[in-house]
1. Looking at the structure I just gave you, is Asp289 charged (D, E, K, R) and in contact with a helix residue (DSSP H, G or I) (Cβ under 6 Å, 6 or more places away or on another chain)?
2. Can you name every residue in the stretch 329-340 that is in contact with a helix residue (DSSP H, G or I) (Cβ under 6 Å, 6 or more places away or on another chain), within 22 Å of Ser235 (Cα to Cα) and in contact (Cβ under 8 Å) with a residue 40 or more places away in the chain?
3. Against the conditions (1) buried (at least 17 other Cβ atoms within 10 Å of the Cβ); (2) in the same structural domain as Asp22 (by TED's automatic domain parsing); (3) in a loop (DSSP other than H, G, I, E, B), where does Asp372 fall short? Just the number, please.
4. In the stretch 317-343, what residues are buried (at least 21 other Cβ atoms within 10 Å of the Cβ) and of a type in the set (Phe, Trp, Tyr)?
5. Enumerate the pairs (first residue in the stretch 341-366 and at positive phi and assigned to a loop (DSSP other than H, G, I, E, B); second residue anywhere and modelled with pLDDT of 95 or more and hydroxyl-bearing (Ser, Thr, Tyr)) with beta-carbon separation below 6 Å, excluding pairs fewer than 6 apart on the same chain, so at least 6 apart or on different chains.
6. With respect to Lys177, determine if the residue is in contact (Cβ under 8 Å) with a residue 24 or more places away in the chain, among the charged types (D, E, K, R) and in a strand (DSSP E or B).
7. If you take the residues in the stretch 134-185 that are basic (Lys, Arg) and out of contact with any Gly (no Cβ under 9 Å at 6 or more places or on another chain), which one is nearest to Val205 (Cα to Cα)?
Amino acid sequence: MHRKIFKNANIFDGVHEDVFKDFSFAVDVETGKIIEIAQEISPAADDEVIDVNHKFVAPGLINAHTHITSDPNVSTGGDKDVVETTVDAIKALRAFLKSGCTYVRQCGARYGIDIPIKRLITEGKINNVPHMMASGKAYTMTGGHGDYANGGNVVDSPDEMRKKIREGLKAGADCIKIMASGGVMSPGDFMDEAQLTIEEMKVAVYEAHNKHKIVAAHAEGNPGIRNAIEAGVDSIEHGFYVDDDEIAMMKERGTYIVPTIIAAASVTEKGKDTLPEWEHQKMANAMDDAYTNVKKAYENGVNIALGTDAGTPYNYFDMTTPKELEMMVERIGMSEFEAYRTSYKAAELMKIDDEYGSIENDKYADFIIIDDNPMEDIKAVQQKDKEVYVSGKKEF
């Protein structure tokens with residue numbers, strides 16, 4: 001067995017709040033998995049030894065809400081064709097990786113191109129990118145959030161939903177994204193409008209769960225949030241207006257919330273003079289409520305998973321995931337440890353936590369190396385020249 005041994009590492013493993021000072025860990029080069037963590041590891045003659053130089057090793061970030069086919073520089077996503085969109089999507093994945101994201105979940109992709117991109121990644125034909133969970137196109141109603149050219153799968157009945165979901169799963173979708181409420185970026189609706197019905201969403205959940213896939217529901221306001229919870233989705237995306245009753249329901253059912261608060265902040269803070277007035281105003285109206293309600297969900301024990309909605313206006317692929325952790329501390333009231341744990345919660349939500357999300361034996365060696373201790377200051381993760389490893393291979 002050929003190993004890489006990393007020595008003199010200060011390890012934050014993502015499980016324990018304490019950092020293990022001057023430890024070593026070994027990676028099986030063939031599998032890319034961690035096989036030993038100890039104070040000292042004696043190398044064999046053919047082992048490669050890497051001196052971390054007393055820097056901090058932390059788990060690669062897992063982002064459970066991304067849009068690699070969207071353009072954060074424009075409001076509507078533009079009118080790029082499938083070729084240009086594909087090229088941009090691969091660039092977005094590489095930007096994610098450089099920021100420290102080693103696994104991303106797509107929550108709706110133009111042209112459904114994340115599915116063939118995922119296949120090419122698996123076949124080794126696209127390199128220097130994170131692991132990815134592909135959703136294909138999102139599912140929406142006629143005129144609903146995501147109903148735009150080359151955007152969502154339009155369904156208007158339970159039977160139409162069943163057919164489209166089965167087609168998506170046949171095409172290779174790893175997960176499903178549905179639209180339970182209106183949103184910010186669509187001009188013809190609002191957060192407080194219900195969109196897909198409970199019956200339609202129940203069909204999506206049944207078909208996805210039957211294939212052991214998870215379902216994410218875009219749900220910013222009510223009654224969309226409540227409808228999605230009642231339909232049995234695995235996660236509420238955004239959830240800005242989640243109320244006390246829904247918080248209790250989510251805790252009881254184990255429903256996750258992926259708040260993407262950096263997306264709301266990006267629109268509010270950077271889009272006043274450049275975005276359409278209706279779009280900026282929608283988010284500005286919701287901002288304070290979003291912070292208050294997500295904080296209440298966290299304080300009441302709802303599972304909070306890391307996600308950014310990257311690709312939405314001014315929400316860039318190369319910087320906003322580490323920034324979301326900072327906002328979890330500053331706006332939601334988490335400790336550094338609890339904020340970083342939202343990345344592990346993303347792995348739990350995505351049902352990949354048996355192999356990803358922490359630095360432990362038998363898990364893939366996906367990690368970052370940074371200068372400072374993220375358990376003392378979560379902003380340490382924002383270091384621009386961090387080293388990033390995927391399956392034990394240095395990518396940046």
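1. Considered against the rule, which asks whether it is charged (D, E, K, R) and in contact with a helix residue (DSSP H, G or I) (Cβ under 6 Å, 6 or more places away or on another chain), Asp289 comes out as no.
2. Val329, Arg331, Ile332
3. (1)
4. Hits for the stretch 317-343 are Phe317, Tyr340.
5. Gly357/Tyr344
6. Yes.
7. Among those residues, the one meeting the criterion is Arg162.
Per-residue answers, yes or no, for (1) modelled with pLDDT of 95 or more; (2) under 19 Å from Ile304 (Cβ atoms):
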residue: His212; (1), (2): yes, no
residue: Glu220; (1), (2): no, yes
residue: Val233; (1), (2): yes, yes
residue: Glu237; (1), (2): yes, yes
residue: Ala248; (1), (2): yes, yes
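The values are calculated or read from the model by the stated rules, or taken from the named source; none is laboratory data. All figures in this text were calculated on a predicted structure; none of them were measured in a lab. With ideal geometry, Cβ positions are generated from the backbone for all residues, glycine too; neighbour counts draw on all protein chains shown.
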